[in-house]
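Asks: Please find one structure pasted underneath; my questions will follow.
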Amino acid sequence: MSGTYSFFQGVERNFDKASVYTRFEKGILEQIKACNSVYRMKFPVRIGDQVEVIEAYRVQHSHHKLPCKGGIRYSMDVNQDEVMALAALMTYKCAIVNVPFGGAKGGIKIDPKRYTPFELEKITRRYASELVKKNFIGAGIDVPAPDYGTGAREMSWIADTFASLNPGDINALGCVTGKPVSQGGVTGRTEATGLGIFYGVREVVNVAEDMDKIGLSTGIAGKRVVIQGLGNVGYHAAKFFSEAGAILVGLAEFEGGIFSEKGLNLEDVVAHRKTTGSILGFPGATDIRNSLDTLELDCDILIPAALEAVITAENAPRIKAKIIGEGANGPLTPDADIILNAKGTIVVPDMYLNAGGVTVSYFEWLKNLSHVRFGRLDKRFSENQNASILQSFETMIGKKMDEAERKQIMHGPDEIDLVYSGLEDTMIGSYHEIRESLLTSGADDLRTAAFVVSINKVGVAYEQLGIFP
Ligand code: GLU
């Protein structure tokens, strides 16, 4: 809960704000907003010498396109409202980046740190078989993925459970994404959300006209960045920002934050946390005892990449960042949004900015359904073509390229090249769709503009589905 409304009601509020800039009738808007199916389950798992009753959810927010898609989180904060809100965001997210799926989300109410890998495997496999029982999983039905507290390991347990309960299903591996590459995963999925955040913010920062308005120069190099959360999303975002020359002035985790005007070396911070168990006490940095205070540091770009509702009406007035990139889902409450929009802060919304994960999940699903690795058919062909073009060119100019240049020009695409370029193109294209909507729809902030884009796409799909007479 944040203020007087829940997370799901917050998403609905943002939706309502945007829907006035669309042409759809009330009934269609109500249908887009509604969660189509909510499955709450309770199942027993023997942990040590006791039976624990586990509470879990899978919510399919929209069936306007199938399969439904969205991660599964393991956290003690999981509840029906949260899963519904996250499932709804998945619908809008997929629409924004033109991934042809409906939105879904799952959650198991556990603290994964309290269980051994063996116990987690039992819980995960039981959850997967509950989904199978109710036809809530499958390559054409609903395709889970990692989220907060889960990763490739959990996804491979789900894939294996599904495959063993569906013998002969040739598309069984397409029932879940974010799998290890050895189990049908795609290269680049692990870092996809963080990389998408980087590509998205880089595009925002590349528009000179918009940067002039907030007094920033274009380009990522030299920008002062603060990142909250060093999980898979935050860590990879931090990595790509620092590789592009940004200065990581602040980093935050559960136990606190650290600050250094000169910049923090990400790998050294991660190593320090691994050996000491805490981000605090990093040599040369100032400790910030209350982790949330890190969000208020003076910086150009702030990336909250942990959980929802960390920026509220209470702390929003003290946020100094000129750009906030929502790495997490729902890190700003609608009240915080109002305050930051009034200050002129550019808020790059979650449903666009963290869509890199689901975009690459889509690539993984395509790979599973096509049963072939990207690049397998065309890599050698491209290299041969490039070699012959290069040869003609060298003959023409009467000069040979040096070995490094030759290699670079001749290189045919590997899976990772195609995944990265597909992701980059998606993030660039979708940002300009949202920006265009901001300029033309009447919406006056990026989140509302993004909702307008999504509502338009999902609304048209519902109209074309036909409504039962
Ligand atoms: N859990 C991620 C998200 O919130 C990824 C979902 C997916 O890949 O399906 O977007």
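The values are calculated or read from the model by the stated rules, or taken from the named source; none is laboratory data. In this text the structure is predicted, and so the values were computed from the model without any measurement. Quick reminder, even Gly has a Cβ in these numbers, built from the backbone with ideal geometry, and neighbours come from all protein chains shown.
Asks: Checking the condition more than 22 Å from Gly256 (Cβ to Cβ) and hydroxyl-bearing (Ser, Thr, Tyr), which residue from Thr333, Thr294 passes?
Replies: Among Thr333, Thr294, only Thr333 is more than 22 Å from Gly256 (Cβ to Cβ) and hydroxyl-bearing (Ser, Thr, Tyr).
Asks: Can I ask one more? Determine if the stretch 202-219 includes at least one residue that is within 16 Å of the ligand (Cβ to nearest atom) and assigned to a helix (DSSP H, G or I). Talk me through it step by step, then tell me what you get.
Replies: So in the stretch 202-219, the residues within 16 Å of the ligand (Cβ to nearest atom) come out as none.
No: zero hits.
Asks: Yes or no: the stretch 41-49 includes at least one residue that is in a helix (DSSP H, G or I), away from the ligand (no atom under 16 Å from the Cβ) and either surrounded by fewer than 16 Cβ atoms within 10 Å (Cβ to Cβ) or among the small types (Gly, Ala, Ser) (or both).
Replies: Here is the first cut: in the stretch 41-49, the residues in a helix (DSSP H, G or I) are none.
The answer is no, given that none of the residues of the stretch 41-49 is in a helix (DSSP H, G or I), away from the ligand (no atom under 16 Å from the Cβ) and either surrounded by fewer than 16 Cβ atoms within 10 Å (Cβ to Cβ) or among the small types (Gly, Ala, Ser) (or both).
Asks: Would you mind stating whether Thr190 is within 15 Å of the ligand (Cβ to nearest atom) and either within 28 Å of Asp417 (Cβ to Cβ) or touching a residue at least 60 places away in the same chain (Cβ under 8 Å) (or both)?
Replies: yes
Asks: Further question: Mind checking which residues of the stretch 110-151 are part of a loop (DSSP other than H, G, I, E, B), within 16 Å of the ligand (Cβ to nearest atom) and in contact with a strand residue (DSSP E or B) (Cβ under 9 Å, 6 or more places away or on another chain)?
Replies: Step one: filter the stretch 110-151 for residues part of a loop (DSSP other than H, G, I, E, B), giving 110-111, 115-116, 134-137, 139-141, 147-151.
Now narrow it down to the ones that are within 16 Å of the ligand (Cβ to nearest atom): 136-137, 139-141, 147-151.
Matches in the stretch 110-151: Phe136, Ile137, Ile141, Asp147, Tyr148, Gly149, Thr150.
Asks: Restricting to the stretch 433-462, count the residues that are within 21 Å of the chain's Cα centre (by Cα) and of a type in the set (Ser, Thr, Tyr).
Replies: Keep residues of the stretch 433-462 that are within 21 Å of the chain's Cα centre (by Cα), which gives 433-435, 445-455, 457-458.
Subset that is of a type in the set (Ser, Thr, Tyr): 448, 454.
Summing the residues that are within 21 Å of the chain's Cα centre (by Cα) and of a type in the set (Ser, Thr, Tyr) in the stretch 433-462 gives 2.
Asks: Could you list, in sequence order, all residues of the stretch 360-411 that are exposed (fewer than 14 other Cβ atoms within 10 Å of the Cβ) and of a type in the set (Phe, Trp, Tyr)?
Replies: Within the stretch 360-411, Phe381, Phe393 meet the criteria.
Asks: Right, another one. Show the residue pairs that are 6+ apart or on different chains and have beta-carbon atoms under 7 Å apart, the first residue being within the stretch 271-291 and modelled with pLDDT of 95 or more, the second being surrounded by fewer than 12 Cβ atoms within 10 Å (Cβ to Cβ) and not hydroxyl-bearing (Ser, Thr, Tyr).
Replies: From residues that are modelled with pLDDT of 95 or more, the pairs are Ser291/Phe254.
Asks: Moving to a separate point now. How about the stretch 52-65: which of its residues are over 17 Å from Pro117 (Cα atoms) and surrounded by fewer than 17 Cβ atoms within 10 Å (Cβ to Cβ)?
Replies: Step one: list which residues in the stretch 52-65 are over 17 Å from Pro117 (Cα atoms), which gives 53, 55-65.
Once the filter is applied, which keeps residues that are over 17 Å from Pro117 (Cα atoms) and surrounded by fewer than 17 Cβ atoms within 10 Å (Cβ to Cβ), the stretch 52-65 yields Val53, Glu55.
Asks: Against the definition (part of a strand (DSSP E or B), hydrophobic (A, V, I, L, M, F, W, C) and at negative phi), how does Ala252 come out, yes or no? Explain how you work it out, then say what you get.
Replies: Details: part of a strand (DSSP E or B): yes; hydrophobic (A, V, I, L, M, F, W, C): yes; at negative phi: yes.
Taking the combined requirement at face value, the residue satisfies it.
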